[in-house]
1. Please give the per residue accessible area of the range 211-278, computed with a probe of 1.4 Å over protein heavy atoms only, in Å².
2. With each pseudo-label sitting 7 Å past Cα toward Cβ, what's the Asp22-Val169 distance in nm, one decimal?
3. Compute the FRET efficiency between Arg199 and Arg230 as 1/(1 + (r/R0)^6), taking r as their Cβ-Cβ distance and R0 = 35 Å, and round to the nearest 0.05.
4. Whenever you get a sec, compute what percent of the accessible area on the chain sits on carbon and sulfur atoms (1.4 Å probe).
5. Find how much the distance from Glu31 to Ala259 grows on full extension, using 0.36 nm per residue of separation minus their present alpha carbon separation; answer in nm with one decimal.
6. Sorted by accessible area (1.4 Å probe), largest first, how do Val164, Val48 line up?
7. How many Å² of accessible area per residue for the range 26-68, probe 1.4 Å?
8. Rounded to the nearest 0.05, what FRET efficiency do Glu15 and Asp97 give with R0 = 22 Å and r taken as the Cβ-Cβ distance? Could you check?
Amino acid sequence: MNASWIDTLRLSRREPRADAVDTRPGVRWVELPSGTLRVRTGGHGGPVVVSITDPPNVIEHHDRVFELLEGWARPVCAELPGGGFSIPARSLRFTFDDAAAAVAELLEELELGPSVLAFSCGSAYIALKVAAERPELVSALALIQAPAWREEVQWCRRLDKPPVMRAPVLGQLVMMAADRAVARRWYDKALPRDVPDERRRSFVDPALEALRAGGAFCLASLFQGMVGARGFQPVDQPTLAVWGGADRTHRRSDSRSIAEHAPEARFVEFPEAGHFPDLEEPERFSEALRDHLRRSL
């Protein structure tokens, strides 16, 4: 049972907020069949690098990465419905098919040509699906903190004990009542154990500010939407696999197992980074991605 209609119903009634697109240059609303997406675009030349925020992260978490990419690429950062301020269409049910359709619609709407998809965690599998089914839209991949799908499913189950987020209706109600508490707890687990307070606040504060301002963190619906995925076709696009070695939530995961989906992937590990290696070490990520694209495109 998928109870994501609870979140779709309440979020689809919202109107796009003017103040949500005034936070950074290049932030705007993009109207798509799947919903109204909050998107930031920038840069003037080079490859198009598209990122999807990993809830409870929002566009503002990507500031430094975005700035670095603008020096050599055309970055795009978007919030899919269920995270941040994007608004779902009433027909959306947070499935992988829905998410892949939204990404493909966004790429087509922006008309920037074949793009590099730099997607993290659960959205990495959306990138794999789009790359396999719509190869004309995707020139390369950067899959961040993403093991093989079978390992990702086990990871979700380990995190959701007792199984609240996977429980239809109950999970949605818990997130409606306690989204900020869940967000704080997530960052406590996802960041390295010895992370400085200032670095921790740089993740927690933007997330809580967005939630207080009406942003969404539909973790239960996103979890339940993942249930329907049944595997992914291997991709041909050049792939960079980025891994944070200090991510305690993935200590049982085989970081190199992503090769099951991207057989020719190049692997790079940031030993001191947690669950967000691209955001925790943006300079290193930008250089690793740039080097990967120089070699492969």
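1. 44 Å²
2. 4.1 nm
3. Using R0 = 35 Å, I get an efficiency of 0.40.
4. That share works out to 49 percent.
5. 78.6 nm
6. Val164, Val48
7. About 32 Å² of surface per residue is accessible.
8. For R0 = 22 Å, the calculated efficiency reads 0.25.
The values are calculated or read from the model by the stated rules, or taken from the named source; none is laboratory data. In this text, all values refer to a predicted model and were calculated from it rather than measured experimentally. Counting neighbours? That spans all protein chains shown, and the Cβs are built from the backbone with ideal geometry, glycine included. In case anyone asks, the SASA skips ligands and DNA or RNA and just uses the protein heavy atoms, side chains included. Shrake-Rupley method; radii C 1.70, N 1.55, O 1.52, S 1.80 Å.
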